[in-house]
Amino acid sequence: MYEVFEHTADLGLRISSPTLNGLFSEAAEALFSVIVENIDQIRTEKSFKLNIKASNLEYLLFDWLNELLYLFESEKIVANSFLVNVDSDSLSAEVYGEVLDRNRHKTDHEVKAITYHQLKVVQKQTEWMAEVILDI
Amino acid sequence: MSEKKDIYNGPLEKVSDYCWRIPKSYKPGMRVDGLIFASQKLIQEIRKDQAPEQVANVAFLPGIQYASIAMPDIHWGYGFSIGGVCATDPEEDGVICPGGIGYDINCGVRLVKTNLFYEDIQSHLKQLVKELFIEIPTGVGRSGKYKFDKKELKKLMAEGVPYLLRRGLAAERDIEYTEAGGKLDDAEPENVSERALERGAEQCGTLGSGNHFLEIQIVDKIWDPEIAAVIGIEPGQVCVMIHSGSRGLGYQVCDDALKMLRDVPAKYGIKLPDKQLACAPVDSPEGRKYIGAMRAAANFAWCNRQLLMWQTREVFESVFGQSWQQLQMNLIYDVAHNIAKFEKHEVEGKEKKVWVHRKGATRAFPPNHPEIPDMYRKIGQPVIIPGDMGRASWLMVGNAASMEKTFGTTCHGAGRMLSRTAAVKKAQGRRIDQELEEKGVLALARSWKGLAEEHPMAYKNVDDVVDVVHKAGITQKVARLRPIGVIKG
């Protein structure tokens with residue numbers, strides 16, 4: 001589950017999931033929902049494999065979203081389906097999507113960057129929760 | 001959907017009618033006071049979020065001089081507040097802080113005049129706005145018509161706007177009237193990552209989205225006729241204002257730097273209250289690497305605004321059937337408002353060279369400063385303050401007090417009041433474009449949301465902001481400009 005929360009000039013993503021894998025997958029979907037208004041219109045025509053290492057979970061989430069943003073910025077890939085396997089300091093993932101098609105995809109925000117500001121990944125009793133603020 | 005904002009409950013002592021102090025005793029670790037320039041009315045607004053806390057946090061930075069300063073358009077950013085100014089001295093272990101510049105390195109504004117008046121343009125306005133919207137790439141993921149391969153891109157970043165002059169995409173005069181001549185020396189394109197190059201390759205000459213815009217404006221009111229005469233503007237005259245920055249290239253340079261700096265503060269024993277303030281001593285390998293890349297990105301941004309202006313001139317030429325020279329589409333000035341520069345300033349009676357970080361703040365050098373073009377030497381550096389698309393923008397000039405109080409710096413815009421989500425909520429069920437048209441503003445954007453998030457109510461009234469810096473003696477009002485045509489991402 002994810003929602004967009006407000007931050008004066010930018011947008012925040014608040015994500016929750018019973019599992020860590022789910023948390024990362026939902027976070028990715030949340031990011032693309034900010035870029036494309038109708039992410040349900042994204043087809044799974046291409047797939048990409050990503051492997052990321054980081055020193056802690058927060059940086060891992062940051063780097064994961066950053067890689068996805070780069071995929072969009074460099075190859076105009078939009079995605080809405082993710083298979084993520086998270087370890088404490090690394091993840092491997094498959095990303096499914098397609099090249100942005102302006103006839104079908106309604107673009108929404110230009111995400112300048114993922115920020116470290118108030119970045120958090122926490123485990124509560126039965127679920128994982130994360131917050132990340134995007135620079136718009 | 002919404003988050004309750006934290007209200008700032010810390011100290012704000014009144015220094016004068018337009019200045020408030022956060023004493024360095026507020027938090028252990030603050031090296032200097034915080035100073036916020038604002039009126040009584042604006043300070044009430046500013047208290048509503050954590051921006052003042054960020055002003056206090058910036059005061060932790062090693063080598064900070066005099067005060068952590070904020071302008072009246074201050075709002076909550078990450079690490080630094082937007083509207084923040086800080087100067088660090090390398091001789092006192094001063095740091096360079098990418099967060100004090102922002103992701104959009106050298107985001108800035110330029111103002112172009114024309115010899116046209118409202119009556120000349122009125123019947124062409126619809127066509128003009130439409131053509132600008134077609135010709136100038138705006139919005140998410142749009143490529144520009146200018147393509148630079150990696151070698152060219154590196155030259156462009158090393159040489160700035162003079163590179164475009166050689167390519168026939170700039171005039172001599174454009175360079176003279178751009179801050180720093182459109183080029184920071186000692187840029188190091190080799191320090192710019194492949195990723196950044198990739199993101200920038202097709203984006204030079206594109207507007208972007210968010211709060212970036214291109215506006216056709218009318219000189220609405222002249223405040224200082226003598227200064228206006230020197231600049232060459234009069235009531236009713238048509239101008240074009242362009243607001244954009246270094247696009248994906250700059251964002252990536254900042255992102256790369258923050259990643260590089262993750263563990264660097266600890267390495268140098270720097271204690272920070274916020275990760276986003278990650279920094280490195282100016283005189284360290286990490287500091288030097290970032291400075292070289294940041295300068296390269298700043299040069300890219302000046303080229304971006306130059307190419308946006310160049311395309312605007314082409315559109316005017318085709319609509320009016322005259323050359324841009326005949327239309328006298330001359331650049332009044334171009335200012336950066338997200339940048340750090342190594343400048344000479346007097347600090348507590350001593351002349352020093354300091355790194356002035358301007359994050360959502362504009363350089364405002366006073367009359368007779370050597371870095372001002374000859375034509376403006378006597379009046380002070382022109383400062384361009386964009387407002388919101390329904391009300392106004394301002395042209396001002398730097399005053400002597402800016403050197404005494406703010407390291408030669410003033411505000412950069414109206415400053416956001418509502419978050420994007422709150423602005424959209426307020427605009428629900430409304431046709432913002434029609435509302436603007438009723439006010440005499442023709443606005444084209446890629447999406448309803450793009451307009452809704454940026455609608456005038458989302459911003460403080462720029463007149464209030466400008467009033468503070470005028471009354472504080474930092475900058476002097478020259479003219480108010482009113483938008484009549486807007487394109488946005």
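For region A:2-135, the Cβ-based charge dipole about the Cα centre amounts to some 160 debye (Lys, Arg positive; Asp, Glu negative; other atoms uncharged). Here region A:20-115 is treated as an ellipsoid with the same Cα gyration tensor; its semi-axes, largest first and in whole Å, are 22, 13, 11. With semi-axes defined as the square roots of five times the eigenvalues of the C-alpha gyration tensor, the equivalent ellipsoid of region B:16-83 measures 19, 13, 10 Å, largest first. Can you work out the base-10 log of I(q)/I(0) for the protein assembly as shown at q = 0.08, 0.10, 0.12 1/Å, using the Debye formula on its C-alpha atoms alone? Calculated log10 I(q)/I(0) at the listed q: -0.52, -0.84, -1.27. For residue A:124, a cut-off of 24 angstrom between C-alpha atoms picks up these lysines, skipping any fewer than 8 places away in its own chain: A:53, B:4, B:5, B:275. Here chain A exposes an accessible surface that is 43 percent carbon and sulfur, computed with a 1.4 Å probe and the other protein chains kept in place. Over region B:174-318, the fraction of Cα-Cα pairs per 10 Å bin, rounded to whole percents and listed from the shortest bin up, is 10, 30, 29, 18, 12, 2. Which of B:136, B:329, B:38 sits closest to the plus end of the dipole of the protein assembly as shown, meaning its Cα is farthest towards the positive end, when Lys and Arg get +1 and Asp and Glu get -1 on the C-beta? My answer, from the dipole projection, is B:38. Legend: translational diffusion of region B:118-182 by Stokes-Einstein, Rh = Kirkwood radius over C-alpha pairs, 20 °C, 1.002 mPa s; D = 148 µm²/s. Ligands, DNA and RNA are left out, and with a 1.4 angstrom probe the accessible area of region A:2-135 is 38 Å² per residue. Summing charges over neighbours of residue B:472, with a neighbour being any other residue whose Cβ is under 10 Å away from its Cβ, gives 0 when K and R count +1 and D and E count -1.
Taking the charge dipole of chain B about its Cα centre, with +1 at Lys and Arg Cβ atoms and -1 at Asp and Glu Cβ atoms, the residue from B:87, B:421, B:168 reaching farthest to the positive side is B:421.
Buried surface between chains A and B: roughly 4000 Å² of accessible area, summed over both sides, computed with a 1.4 Å probe on protein heavy atoms only.
Per the helix-only calculation at 222 nm, which mean residue ellipticity applies to chain B, given -39500 (n - 2.57) for every DSSP H run of n ≥ 4 and division by its residues, nearest 500 deg cm²/dmol?
-9000 deg cm²/dmol
Positive-end ranking of A:92, A:11, A:32 along the dipole of region A:2-135, with charges on Cβ about the Cα centre, is headed by A:92. Set the bar at 27 Å for Cα to Cα. Now go through B:24/B:267; B:341/B:405; B:130/B:477 and name every pair that lies beyond it. Those over the limit are B:130/B:477. Across all Cα atoms of chain B, the radius of gyration (one decimal) and Dmax (whole number) stand at 21.1, 64 Å. Placing unit charges on the Cβ atoms only, positive for Lys and Arg and negative for Asp and Glu, gives the protein assembly as shown a dipole magnitude near 400 debye about its Cα centre. Dipole check for chain B: with +1 at the C-beta of Lys and Arg, -1 at the C-beta of Asp and Glu, and the Cα centre as origin, the magnitude is about 1000 Debye.
Size descriptors for region B:296-421 (Cα atoms only): Rg and Dmax, in that order, 17.1, 56 Å.
The values are calculated or read from the model by the stated rules, or taken from the named source; none is laboratory data. Note that the structure is a prediction, hence the values are computed from the model and not measured. Counting neighbours? That spans all protein chains shown, and the Cβs are built from the backbone with ideal geometry, glycine included. Only protein heavy atoms, including side chains, enter the accessible area calculation; ligands, DNA and RNA are left aside. Shrake-Rupley method; radii C 1.70, N 1.55, O 1.52, S 1.80 Å.
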